[in-house]
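Just below is one structure, and these are the notes that go with it.
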Amino acid sequence: MNQKKIKIIGDLINNAYGRARKAWTNRNLEGYQKLAQSQEADGAIALDVNIDGTQVVSVKQEEMLAFLPELIPALQEVTTVPLCFDNPSVKYHRVALEHHDQSKSNGKPIINSIAASRENLDEMVELIKEYDVRVIVMASEYFKEDGSSGQCMKPEDSLSAVKHFVELLMTKGSRTIDDIIVDAGLAPIGADTYGLVNLGLDTIKLVTADPDLQGIHFSVGLTNFAWGSPKTVRHQLERAYLTVASELGLDYALANPEKDPQPLDPSDPLVGQLRHALQEGRQQEGESLEDAGFRQAEAVMEICSEYIDRD
């Protein structure tokens, strides 16, 4: 039997994808509408709206802010699926929310995302309260006592970051625990020499065990996971990861809904191979994180090797 169904936040409105990039270049609202409709048809329960630049296309902030007042209403003309506004800038979220019509949505919009290193964090929390939105919080950065931020390298650091955000959002943002989605972090498995995949899994496990955090949600950017692997195994690797992570509490994923991003059956051989690779990535006594990471990478290469000829 398959694991529980993962709720997909469709990620195709992103300039990393050719269709979205073409729509952006031409400012083609119909192209964006088609992307929204197709993702909803493929089961997405929310749509990520990310029109920022990539390595392929340069986008200035003023260009995004000028286009959002056209894009948001156009998307809401063709879908009632909640929109997930994806950008680190509070200006982006304010403009997006000002032009969002909640009466045309079957759920709250989502701010993606807030993190310990974000500028104008207080202003972002005020925006979250003002527009009654759900919010994705990053568990990859923690708050230092001096007010600065640091990169989480232990699940205890991530738990501390989550607790900080939950208190902040519930007291100052008037959020419920159900409004909060934790991005546990997900690195490319083949290049993960610092144990970041296991860190994300351990974070989910630790947070779900905390009695004060019951009911909180978890998400990851799924397309990060199998980056660089053969195309013939890439999406199955993603699904194998979902099997492992959903057992611990993952219930959302930012993903391409066209690729059936749902867990594999736990008995699938690829799930067992992935569990083995992740165990190889566990640091043993007397070795460095890099030692364990390279051992994990070798195990992943073994998984992929049988698929290379099919690519």
If you line up the long axis of helix 289-308 against the longest principal axis of the chain, both from Cα atoms, how many degrees apart are they, to the nearest 10?
90 degrees
Suppose each label sits 7 Å from its Cα in the direction of the beta carbon; what would the HIS276-GLN55 distance come out to in nanometres?
3.1 nm
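Work out how much length ASN28 to THR171 would gain on full extension: take 0.36 nm times their residue separation and subtract the Cα-Cα distance, in nm to one decimal. Mind dumping the intermediate values first?
Details: separation 143, 0.36 × 143 = 51.48 nm, distance 4.10 nm.
Result for the pair: 47.4 nm of gain on full extension.
If R₀ is 30 angstrom, what is the calculated FRET efficiency for the pair GLU302 and ASP260, using the beta carbon separation as r and rounding to 0.05?
FRET efficiency, GLU302 to ASP260: 0.75.
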Under a plain spin-label model, where a point goes 7 Å from the Cα along Cα-to-Cβ, how far apart in nm are GLU126 and THR80?
3.4 nm
Estimated [θ] at 222 nm from DSSP helical runs (n ≥ 4, -39500 (n - 2.57)) normalised by residues in the chain, nearest 500:
-14500 deg cm²/dmol
Would you work out which of LEU201, SER288, ILE72 lies farthest towards the positive end of the dipole of the chain? Charges go on Cβ: Lys and Arg +1, Asp and Glu -1.
ILE72
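Quick one: grab the alpha carbon gyration tensor of the stretch 1-142, order the square roots of its eigenvalues as a ≥ b ≥ c, and give me rounded if a/c is under 1.5, else prolate or oblate depending on whether a/b is larger than b/c. Kindly include the intermediate steps, with their values, before the conclusion.
Values: a/c = 1.32, a/b = 1.08, b/c = 1.22.
Since a/c stays below 1.5, the shape of the stretch 1-142 is classed as rounded.
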Using label points projected 7 Å from each Cα along Cα→Cβ, tell me how many nm separate ALA191 and SER117, to one decimal.
1.6 nm
Antiparallel bridge percentage (DSSP; both residues within the chain; nearest 5):
10 percent
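Decide, for the stretch 115-238, between rounded, prolate and oblate: order the square roots of the alpha carbon gyration tensor eigenvalues as a ≥ b ≥ c, take rounded if a/c falls under 1.5, and otherwise choose prolate if a/b is larger than b/c, else oblate.
Details: a/c = 1.90, a/b = 1.70, b/c = 1.12.
Prolate, since a/c reaches 1.5 and a/b exceeds b/c.
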Just tell me which lysines come within less than 28 Å, Cα to Cα, of LYS172; anything on the same chain fewer than 8 places away is out.
LYS7, LYS91, LYS104, LYS108, LYS129, LYS144, LYS154, LYS163, LYS205
For the chain, find the longest principal axis of its Cα atoms and tell me its angle to the long axis of helix 269-280, 0 to 90°, nearest 10.
80 degrees
Residues with amide H under 5 Å of CYS152's amide H, sequence separation 5 or more or different chain, H placed in the peptide plane at 1.01 Å from N; which?
GLU141, TYR142
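Given Cβ point charges of +1 (Lys, Arg) and -1 (Asp, Glu) and nothing else, what value in debye, to the nearest 20, does the dipole of the stretch 7-265 about its Cα centre take? Could the numbers behind the result be given before it?
Values: 24 positive and 38 negative charges, 136 e Å.
Charge dipole, the stretch 7-265, about its Cα centre: 660 debye, nearest 20.
Treating only the Cβ atoms of Lys and Arg (+1) and Asp and Glu (-1) as charged, compute the dipole magnitude of the stretch 74-137 about its Cα centre; round to the nearest 20 debye. Please report the intermediate quantities before stating the final value.
Numbers: 7 positive and 10 negative charges, 35 e Å.
Value, rounded to 20: 160 debye.
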Semi-axes of the equivalent ellipsoid for the chain, Cα gyration tensor, largest first, Å:
31, 25, 18
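Rule-based calculations on the coordinates, nothing more; no lab input. Everything quoted here is computed from the prediction, not taken from an experiment. Virtual Cβ from ideal backbone geometry, glycine too; neighbours counted across all protein chains shown.
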